[in-house]
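Shown next, in structure tokens, is the structure this report addresses.
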Ligand code: 26V
């Protein structure tokens with residue numbers, strides 16, 4: 001596409017949708033016109049792909065997920081379509097750059113963190129790999145809240161993203177369907193078998209909105225279909241004729257709340273009716289859609305497993321299982337056994353956490369009330385499964401109860417997923433082992449072949465190519481551009497590990513990215529950051545298990561050193577935090593406050609601040625991460641071993657040349673193997689040591705009693721910062737109930753402190769070695785591309801062919 005064609009396209013949109021001439025258009029109007037033009041190109045491309053697909057009659061994957069944390073789309077699509085030059089030139093006549101327009105776009109924050117961002121990265125990789133794919137989620141009116149810190153305390157503001165974000169969405173009225181809640185179910189045996197009637201239900205209309213996601217140099221375009229809930233307007237003629245005009249116009253149910261807002265908690269499961277409605281709304285609309293498309297394209301539903309792989313991303317869309325059973329049996333006349341065979345051959349499930357608090361269990365009576373037919377089907381799935389278990393394990397009550405889908409009036413969604421899926425995977429090598437040994441051990445012994453691993457990956461074109469063009473220019477000079485399409489080629493960069501001119505350029509680029517970030521932070525939040533200090537960054541959701549507190553403990557020890565001797569020679573460091581806490585997660589909010597107060601305390605002491613700066617970046621989101629990753633030098637991945645399923649931020653830092661300080665947790669383990677233990681800073685207890693210590697009895701006071709440094713940190717917490725005591729944190733670490741220091745910050749502290757010391761001296765004393773390590777991290781990061789993850793899913797789980805193959 002040429003510059004001229006692009007210009008004509010934009011002009012057309014401006015005149016058609018805004019009735020303005022190019023010279024009269026506002027920046028916002030130009031942004032929207034540009035998005036519409038890109039959207040047209042994508043729609044056209046998708047149609048072409050559709051045609052090819054139709055002839056090929058290939059299998060498709062449907063990725064069900066309650067969250068897609070997309071961030072911005074304009075840059076990604078323009079980059080992937082290779083249209084940067086054309087657009088940049090076309091925009092000159094408006095005296096605008098593409099960069100100006102990128103800033104107009106709000107983040108689509110339809111997710112909490114890692115899980116939702118992974119789903120977004122996968123859509124990109126699916127398109128680039130030329131896989132026919134469709135994602136399904138909810139078109140929330142409000143995405144993840146905006147974070148505002150008021151006097152150190154997180155407050156939440158609504159995230160209004162649609163005014164600038166909706167231009168990406170194409171409404172598909174032809175795809176609307178009805179989702180039914182509540183009511184009664186009647187069963188009747190007839191000559192044709194069991195007939196099930198669902199009556200007295202409430203209807204909600206699901207309206208489809210499509211978003212196109214392009215791949216890089218590929219033919220495929222992924223479609224993300226987002227469902228919006230709408231009241232079914234039933235015009236009541238009787239009321240109307242009785243003259244009750246207003247009542248007649250009133251909506252009888254409040255369906256629309258279903259797609260109003262994303263649940264902002266990712267740490268704690270709550271059995272709320274609205275959340276259940278969201279889940280069923282998503283899966284029912286999506287399944288109806290998948291089945292209709294399948295029938296239209298291929299006809300008989302017994303072909304479903306051959307033509308469709310349906311992925312359940314975490315247990316949130318688990319109701320897809322009974323929903324498919326319902327559609328097959330009640331609406332298409334399948335027997336139980338045939339329906340079950342189709343269902344189990346179609347679904348696969350990924351587990352994303354072993355944290356007990358986050359595992360979903362629904363109250364049976366809630367499901368019975370809201371989804372009576374679904375409740376019956378789950379009960380029957382469980383009845384059959386448990387009776388099978390009794391045959392295999394006679395008399396083993398405890399084991400059978402543990403594996404049962406229903407127990408004590410609760411429905412365990414993870415067990416339902418394992419029983420009904422043909423494959424179950426964890427998201428890193430370690431995590432996939434842990435689930436086999438712990439929560440799914442019974443199932444693993446029964447069906448060892450069901451369990452597999454797919455280590456997470458990131459959209460490296462977004463997180464490296466688009467976020468760090470300066471680094472890419474260096475890579476292009478050294479190893480060519482092949483890595484853009486094939487991240488494994490990054491390994492060629494390793495050849496330059498001793499090339500001082502390359503290492504110098506690498507260091508210069510890092511400094512440049514640090515300066516850019518410091519400018520941005522100043523403009524955005526008025527915070528001062530010296531780009532000549534080390535940027536040590538922990539950016540992720542705020543969680544006890546991720547141990548931002550351990551990071552703080554080390555900072556307090558540095559603070560104390562400088563208090564004792566403000567002239568002490570020390571490598572200047574800037575500790576940067578970015579994190580949102582779930583709104584009702586009190587402990588997480590208290591840790592945010594601690595960091596902010598500590599930062600403020602230091603800010604008031606210029607002498608200390610020269611060497612030790614602490615910065616809390618407000619409202620950390622995808623777009624901020626895109627600026628922060630390239631500017632980072634030390635990446636904090638310090639969760640208690642065994643708790644972080646994988647992590648994906650860790651990979652984004654690595655590919656941008658940050659050095660990781662981390663525990664052997666999640667994908668850190670594989671990062672360490674890929675880059676070599678000389679190029680990463682591993683510390684702390686290993687997962688099995690953590691388990692042993694719990695079994696033996698963990699006593700955090702032991703460390704307090706024997707470690708002078710820790711004692712001082714606790715005392716400093718009690719004395720407080722910026723005029724406020726944080727004795728509650730000291731108590732949390734020492735006497736907390738039901739258990740003190742549940743994530744073992746005290747146990748790992750000394751190992752962490754020593755590692756931090758090592759990092760600091762290396763940075764100060766051997767910059768060449770630092771640059772070499774950084775280069776090795778970039779060179780070893782290729783395997784953490786989502787392209788690789790998706791290939792593994794396609795080959796081993798979905799049995800899906802790329803159009804390329
Ligand atoms: C739980 C809940 C509970 C109910 C309310 C809504 C909600 C939303 C999310 C979650 C838990 C999601 C689990 C999760 O995000 N896991 C993360 O998944 C990443 C991608 O696989 C992985 O890198 C992180 O280590 C893992 O914590």
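The values are calculated or read from the model by the stated rules, or taken from the named source; none is laboratory data. Values in this document were obtained by computation on a predicted structure and should not be read as measured data. No Cβ is skipped: glycine too gets one built from the backbone with ideal geometry, and neighbour counts run over all protein chains shown.
Tabulated results
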| item | result |
| --- | --- |
| Count of residues meeting criterion [in contact (Cβ under 8 Å) with a residue 24 or more places away in the chain and either touching a helix residue (DSSP H, G or I) at 6+ places or on another chain (Cβ under 9 Å) or closer than 23 Å to residue 633 by Cβ (or both)] in the range 581-604 | 14 |
| Flag for residue 275 being out of contact with any strand residue (DSSP E or B) (no Cβ under 6 Å at 6 or more places or on another chain), part of a helix (DSSP H, G or I) and within 16 Å of the ligand (Cβ to nearest atom) | yes |
| Condition check for residue 228: in a strand (DSSP E or B) and either within 27 Å of residue 362 (Cβ to Cβ) or without any contact (Cβ under 8 Å) to a residue 40 or more places away in the chain (or both) | yes |
| Filter pass, residue 324 being at pLDDT 95 or above and either within 16 Å of the ligand (Cβ to nearest atom) or closer than 16 Å to residue 414 by Cβ (or both) | no |
| Residues being in contact (Cβ under 8 Å) with a residue 24 or more places away in the chain and either within 20 Å of residue 276 (Cβ to Cβ) or within 14 Å of the ligand (Cβ to nearest atom) (or both) - total across the range 329-372 | 23 |
| Residue that is modelled with the highest pLDDT, among those in the range 232-261 that are in a loop (DSSP other than H, G, I, E, B) and in contact with a strand residue (DSSP E or B) (Cβ under 6 Å, 6 or more places away or on another chain) | 232 |
| Qualifying position, being within 11 Å of the ligand (Cβ to nearest atom), crowded, with 24+ Cβ neighbours inside 10 Å and at pLDDT 95 or above, among 649, 657 | 649 |
| Single residue of the range 140-157 satisfying the filter (in contact (Cβ under 8 Å) with a residue 24 or more places away in the chain, more than 16 Å from the ligand (Cβ to nearest atom) and touching a strand residue (DSSP E or B) at 6+ places or on another chain (Cβ under 9 Å)) that is nearest to residue 77 (Cα to Cα) | 141 |
| Residue identified as within 16 Å of the ligand (Cβ to nearest atom), over 24 Å from residue 650 (Cα atoms) and either crowded, with 22+ Cβ neighbours inside 10 Å or in contact (Cβ under 8 Å) with a residue 12 or more places away in the chain (or both) among 414, 459, 420 | 414 |
| Output for the range 111-139, where each listed residue is away from the ligand (no atom under 16 Å from the Cβ), farther than 10 Å from residue 787 by Cα and either at pLDDT below 95 or touching a strand residue (DSSP E or B) at 6+ places or on another chain (Cβ under 9 Å) (or both) | 131, 132, 133, 134, 136, 139 |
| The one condition in (1) within 16 Å of the ligand (Cβ to nearest atom); (2) part of a helix (DSSP H, G or I) that residue 317 fails to fulfil | (2) |
| Every residue from the range 128-177 that is buried (at least 21 other Cβ atoms within 10 Å of the Cβ) and assigned to a strand (DSSP E or B) | 133, 134, 135, 136, 137, 138, 147, 154 |
| Residue count, the range 278-314 (criterion: surrounded by fewer than 20 Cβ atoms within 10 Å (Cβ to Cβ) and within 16 Å of the ligand (Cβ to nearest atom)) | 0 |
| Selected residue [more than 14 Å from the ligand (Cβ to nearest atom) and in contact (Cβ under 8 Å) with a residue 40 or more places away in the chain] from 442, 426, 395 | 442 |
| Boolean, residue 709 is surrounded by 16 or more Cβ atoms within 10 Å (Cβ to Cβ), modelled with pLDDT of 95 or more and over 35 Å from the mean Cα position of the chain (by Cα) | yes |
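Yes/no matrix, rows are residues, columns are (1) surrounded by fewer than 20 Cβ atoms within 10 Å (Cβ to Cβ); (2) in a loop (DSSP other than H, G, I, E, B):
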| residue | (1), (2) |
| --- | --- |
| 45 | yes, no |
| 49 | no, no |
| 66 | no, yes |
| 82 | yes, yes |
| 101 | no, no |
| 105 | no, yes |
| 112 | no, yes |
| 117 | no, no |
| 122 | no, no |
